[in-house]
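*Asks:* Can you keep this structure in mind? I'll have questions shortly.
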């Protein structure tokens, strides 16, 4: 009896075990059917599994997902609610409940489910997937809350709202199937979050290799090494590895810049339109491409065409960052022996205006260049201009066109640029117009997909969002200082001297501008220049007398600007960088800080590399203030400081931006504070009024100031314009009016730039990113 | 762990490479001028490369009466192809390595856990020669772009451990070619090679991740573009459907709507396929590296059965090596033995969530033997 009871129990256990096993087999069947998209078969298997084991949670979850895919949310809900009773702490369950409720427009219930899920995602032990899920759920909750708000406002009746006393939210069954209420769409967001990249690994066989190893059949190690070297060299062919990276100094190389270079070399074979947004480093990208070609011996003769104001900047950058030594058209030799200059020099930077001029056009277009680089290439947007015709006539293997704003007014500008790179890429102008430009409005593209396909073969445009450049904010404060009597007399005397000297040509433009700038810095900066002018043989007696008079009047005891600086320093203990253009001012400020017992460090162009490093080190570890005249050397990391004072102001806004860029750059984690000191009634006062108040320069993104200046209807450089106004205006009122006009001009230039920027963003969007 | 050699790639390096190949192939290479080589080749090699036996190559541009060779030039490709049949296998031994560690017992006590077995005795520590197999794979990662690199995988042939520690030190060590030591215990080459394949995939981790991120970004961008396009199409259709139309017309538009949705799905799948990664690994060559280690044999007991374990002290790392789980082949310092004395790690020895049975993944790789639950 006992034995038979035991036997029965054992048999029951075995049966149960078998049934459980069977349910998992049915589960496998369902998975397999689902993979082959036979949903009904899969559902059938799962229903059978659940019949055997009603507590089978996994089957219920799988079934609910199949119903959700079929958009039969009510069915899915049934199984999910039962599953909830089996395991109230299953995360997947709440996620699907939320999903199903949302699609049935039962927002309250959906909200409840997501909140339950959120409560299960607490604690510190969350892995990355859990954290991502948590974020997603929070977003869903806020979306649902929004919908509920909207419903309340519009007093819409929610479908399936439970009537009082009747708890079930589900509608009645009709003929075994629930009524479909249209197909709710999957949101783009959920579509994107579901996207994953699949990976498939394939191993090629090499039985011969295994056999050799098995039989211990070896070759000399030297041959093994040669084989390896050969493989490495062959990899370099494909530009998968760049040789230039190790040779680029003092420059941070961003991943998108490296990828841009690789893509240009690999896919575009050295002919590309680089139109990254401002501030992302197109010059660096161009420099890297050039360097790579030079190292590989694929390029020898290079011509770089830039706006006049950028010639020296390009030369300096190429030298300091890439160790590529260019000559420029500023060279006297260029004027004297033109043909020899162009033919003999392999690496030349020239202004486009100079290069296309009558004397040079014929010579240059006969030379075979390996590479031509054109900066601010939007100056080539019109094929009827000499600029375009000149670049088109150049014989070149590789060409890089750089511009942040490739399209200004209409799509034909883009056509003209692309035709320089790859003639025929966009076929003929009329064909292009017919295929890609809306009739009647040359700004609007049609056939965008096809156009995008063609443009992506010749163009790269990286955006700030791709590069993930998120800089903290910057705040600028301009502090106007009232000069005391002595200082005012000194400034006015000097200004009169400069004005009269400049207008009467007793003073050359350079000396006059320098003196005026120095006067805006400090009287000490002016003194040394005055001494030099006095010592010059060509100085007239009158000039010397005037200089003597100014020097005699140089008995300023107090410097109001310096007092202001001390006031700023006394309010806190943050590290501060004080920028000044002039060594004499730097010395003066150093004395001032010494007297006040404030520890400081000096940084200027006269220091050796080691001394510069020691100075930065001292600033980081000990000193509170760094007084700097040097703005070069981007590699110097000053991120630990977030406050700067412009003790004096360069007249070139881009140089102001470069100073700010020392602190406000990638790597800076704190908001940056900028204090601009200027004395009332001085040139700097007017400049700051324009730059700060008129065009909000300090709120612009790095690189935008350059774009705005490029849009100014004046070919002179900014400091030249300022000097002209200051010296030529008859009186204070006249000066104020002229500066006002300049401000207006800049404002219009900014508006034009913003319009162009907006248009480019609309046309190009994110379609040409890496 | 990717590159075996860290060469500075400039023209000198290129010149040296060409010179070596020529000499190996029985030719003569002389540098009579800076950046140039004069070559005299055996007939067959000369014909294959240049169509003649004598040639002047330059590695700097603009040298007269020479052929210019640089990265990517077809001539260099031909020269490289001569190296592809060379150096398939090699062997080296680390010179001047004499491990002198004593008394591994303490180290074993400190580093290893035996949660379900009992330690018995240990043998005297011995010096033993172990071998690593270093396999170089040429990897091509293909999605909408192609990326190539070389990946090196190293496997300890005695334990199937992934021997990352050998790569960096081996560059600095002096190595000699020698006859294989007589007794070197190792797994069959097929098993070692399978392990090397896994190691190679693991080494790819970072560069694969970069490609994956780029592909995902592009996939998201293209999917967004596609979604917007089809959304606009559907909206236009919806507007038409909302007009007062006949039943037939409405049905026609309704089926158009379905067609649009299906087309969207199809195009979406095409995109997913376009950006999926195909990773092709091709073995290039392999090198066996012999390294002496200290081994200690330890006996452990589980229930009534005993098992002997080997513990190695590695002179390169200066540490005792972990053991290798027989199920997942990962390193482990926590040693679990199942009833069949399989050595497993904590992840491969666990209780079934459904029925609570203790499972060894080596014994049951896929599902619980009791309840059939998969893991």
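*Asks:* Measuring from label point to label point, each 7 Å out along Cα→Cβ, what is the residue B:126 to residue B:110 span in nm?
*Replies:* 2.6
*Asks:* On the Cα set of region A:331-390, report Rg and Dmax in Å, please.
*Replies:* Every Cα atom of region A:331-390 included, Rg and Dmax give 11.8, 32 Å.
*Asks:* To continue, here is another question. In whole angstrom, note down how far apart the Cα centers of region B:199-242 and region A:66-118 are.
*Replies:* With region B:199-242 and region A:66-118 each reduced to a Cα centre, they are spaced 27 Å.
*Asks:* When the Cα centres of region B:118-163 and region A:254-324 are compared, how far apart do they sit, in Å?
*Replies:* 41
*Asks:* Ignore the peptide's own chain and count Cβ atoms of other chains within 10 Å of each Cβ in B:65-74; give me the average, rounded. Don't skip to the end; give the middle numbers.
*Replies:* Numbers: counts 0, 0, 0, 2, 1, 6, 14, 10, 4, 0.
The shielding value for this peptide is 4.
*Asks:* So between residue A:492 and residue A:19, what do we pick up on full extension, going 0.36 nm a residue minus the alpha carbon distance? Don't skip to the answer; put the middle values down first.
*Replies:* On the way: separation 473, 0.36 × 473 = 170.28 nm, distance 10.30 nm.
That works out to 160.0 nm of additional length.
*Asks:* Beyond 15 Å, what share of the Cα-Cα pairs of region A:195-268 is found? Please give it as a whole percent. It would help to have the intermediate numbers written out before the result.
*Replies:* Working: 2028 of 2701 pairs.
Tail of P(r) above 15 Å: 75 percent of Cα pairs.
*Asks:* Calculate the tail of P(r) for the protein assembly as shown: the fraction of all Cα-Cα distances greater than 50 Å, expressed in %. Please report the intermediate quantities before stating the final value.
*Replies:* Details: 318036 of 654940 pairs.
Everything past 50 Å amounts to 49 percent.
*Asks:* Please tell me the relative contact order of chain B in percent, rounded to the nearest whole number, where contacts are Cα pairs under 8 Å and at least six residues apart. Let's see the in-between values first.
*Replies:* Working: 595 pairs, mean separation 73.8, N = 375.
Relative contact order comes out at 20 percent.
*Asks:* Follow-up. May I ask for the Kirkwood hydrodynamic radius of region A:697-740, worked out over all distinct Cα pairs and given in angstroms to one decimal?
*Replies:* Details: mean 1/r = 0.0842 Å⁻¹.
Evaluated over region A:697-740, this radius sits at 11.9 Å.
*Asks:* Same structure again: Give me the percent of Cα-Cα pairs in region B:253-320 that sit more than 15 Å apart, rounded to a whole number.
*Replies:* Taking all Cα-Cα pairs of region B:253-320, the fraction more than 15 Å apart is 78 percent.
*Asks:* Counting C-alpha atoms alone, how compact is region B:271-375: give Rg to one decimal and Dmax as a whole number, in angstrom.
*Replies:* Reported Rg and Dmax, both Å: 19.1, 59.
*Asks:* One-quarter of the Cα convex hull surface for region B:13-155, in nm²? Don't skip to the answer; put the middle values down first.
*Replies:* On the way: hull surface 66.5 nm².
If I average the Cα hull's projected area over directions, I get 16.6 nm².
*Asks:* Is the shape of region A:24-90 best called rounded, prolate or oblate, per the rule: a/c under 1.5 gives rounded, else a/b larger than b/c gives prolate, else oblate, with a ≥ b ≥ c the square roots of the Cα gyration tensor eigenvalues? Intermediate results must be reported in sequence, preceding the final value.
*Replies:* Details: a/c = 2.08, a/b = 1.27, b/c = 1.65.
Because a/c hits 1.5 or more and a/b fails to exceed b/c, region A:24-90 counts as oblate.
*Asks:* Can you tell me, using C-alpha contacts under 8 Å and at least 6 residues apart, the relative contact order of region A:1-147 as a whole percent? Walk me through the numbers on the way to the answer.
*Replies:* Values: 132 pairs, mean separation 19.4, N = 147.
For region A:1-147, the relative contact order is 13 percent.
*Asks:* Then there's this: Once all Cα-Cα distances of region B:208-268 are split into 10 Å bins that start at 0, what whole-number percent is in each one?
*Replies:* Per 10 Å bin, starting at zero, the Cα-Cα P(r) for region B:208-268 comes out as 21, 37, 22, 13, 6, 1 percent.
*Asks:* I need A:32, B:132 ordered by Cβ neighbour count within 10 Å, fewest first.
*Replies:* Values: A:32 13, B:132 24.
Arranged by neighbour count, lowest to highest, A:32, B:132 become A:32, B:132.
*Asks:* Can you give the translational diffusion coefficient of region A:600-710 in µm²/s, computed by Stokes-Einstein from the Kirkwood radius over Cα pairs at 25 °C and 0.890 mPa s? Please list the in-between numbers first.
*Replies:* On the way: Rh = 15.1 Å.
Taking Rh from Cα pairs, D becomes 163 µm²/s.
*Asks:* Build a GNM of chain B with springs between Cα atoms under 10 Å: which of B:65, B:220, B:301 gets the top mean-square fluctuation?
*Replies:* Ranking B:65, B:220, B:301 by mean-square fluctuation puts B:65 first.
*Asks:* In addition: How large is log10 I(q)/I(0) at q = 0.17 Å⁻¹ when the Debye formula is applied to the Cα atoms of region A:28-147, each weighted equally and without solvent?
*Replies:* Taking Cα atoms of region A:28-147 as identical point scatterers yields -0.87.
*Asks:* Specify the angular offset, from 0 to 90 degrees and rounded to the nearest 10, of the alpha carbon long axis of helix A:91-103 from the longest principal axis of the alpha carbons in chain A.
*Replies:* 80
*Asks:* Other chains near B:87-97: what is the mean number of their Cβ atoms within 10 Å of each residue's Cβ? Walk me through the intermediate numbers first.
*Replies:* Working: counts 13, 11, 13, 9, 6, 3, 0, 0, 0, 0, 0.
Taking all residues of B:87-97 together, the mean is 5.
*Asks:* How do B:319, B:20, A:9 line up, fewest other C-beta atoms within 10 Å first?
*Replies:* Details: B:319 14, B:20 18, A:9 10.
Exposure proxy ranking, most exposed first: A:9, B:319, B:20.
*Asks:* Rounded to the nearest whole Å³, what is the per residue volume of the convex hull around the Cα atoms of region A:387-449? Numbers along the way, then the final one.
*Replies:* Working: hull volume 6.7 nm³, N = 63.
Hull volume over Cα atoms, normalised by residue count, gives 106 Å³.
*Asks:* Taking every pair of alpha-carbon atoms in region A:437-523, what share in percent sits in each 5 Å bin, from 0 to the bin with the longest distance?
*Replies:* That works out to 3, 10, 11, 9, 8, 6, 5, 6, 7, 9, 11, 9, 5, 1, 0, in percent per bin.
*Asks:* Summing -39500 (n - 2.57) over the DSSP H runs of n ≥ 4 in the protein assembly as shown and dividing by its residue number, what mean residue ellipticity at 222 nm do you reach, to the nearest 500 deg cm²/dmol? Kindly include the intermediate steps, with their values, before the conclusion.
*Replies:* Details: 42 runs with 553 residues, N = 1145.
-15500 deg cm²/dmol, from helical runs alone.
*Asks:* Right, next: What distance in nm separates the simple spin-label points at residue A:69 and residue A:92, each placed 7 Å from Cα in the Cβ direction?
*Replies:* Distance between label points: 1.3 nm.
*Asks:* Against the longest alpha carbon principal axis of chain A, how many degrees, from 0 to 90 and to the nearest 10, is the axis of helix A:583-596 turned?
*Replies:* 70
*Asks:* Let me ask another. Arrange B:50, A:510, A:436 by Cβ neighbour counts within 10 Å, fewest through most, would you? Intermediate results must be reported in sequence, preceding the final value.
*Replies:* Working: B:50 17, A:510 8, A:436 21.
Lowest count first: A:510, B:50, A:436.
*Asks:* Could you compute how fast region A:348-421 diffuses translationally, taking Rh as the Kirkwood radius over C-alpha pairs and applying Stokes-Einstein at 37 °C with viscosity 0.692 mPa s? Give it in µm² per second.
*Replies:* Numbers: Rh = 12.5 Å.
Estimated diffusion coefficient is 262 µm²/s.
*Asks:* Can you give the average number of partner chain beta-carbon atoms within 10 Å of each beta-carbon in peptide B:273-285, as a whole number?
*Replies:* Details: counts 1, 0, 3, 5, 5, 5, 5, 5, 4, 5, 7, 7, 9.
Mean number of neighbouring Cβ atoms from other chains: 5.
*Asks:* Hey, could you pull the Cα Rg and Dmax for chain B, both in Å?
*Replies:* Cα only, chain B: 30.4, 95 Å (Rg, Dmax).
*Asks:* State the Cα centre-to-centre distance between region A:701-770 and region A:457-506 in whole Å.
*Replies:* Taking the Cα centre of each part, region A:701-770 and region A:457-506 sit 14 Å apart.
*Asks:* Defining a contact as two alpha carbons under 8 Å apart and six or more residues distant in sequence, what relative contact order in percent does region A:695-770 show?
*Replies:* Numbers: 29 pairs, mean separation 31.8, N = 76.
This gives 42 percent for region A:695-770.
*Asks:* Here is a follow-up. If every alpha-carbon in region A:372-491 counts as one equal scatterer, what log10 I(q)/I(0) does Debye give at q = 0.18 1/Å?
*Replies:* Debye output, listed in q order: -1.00.
*Asks:* Going by alpha carbons, how many degrees (0 to 90, nearest 10) lie between the helix axis of A:255-266 and the longest principal axis of chain A?
*Replies:* Helix A:255-266 sits at roughly 90 degrees to that axis.
All of the numbers you see were taken from the coordinates with simple rules; none came from a lab. None of these values were measured; they are calculated from a predicted model. Please note: Cβ atoms are built from the backbone with ideal geometry, for glycine as well, and neighbour counts cover all protein chains shown.
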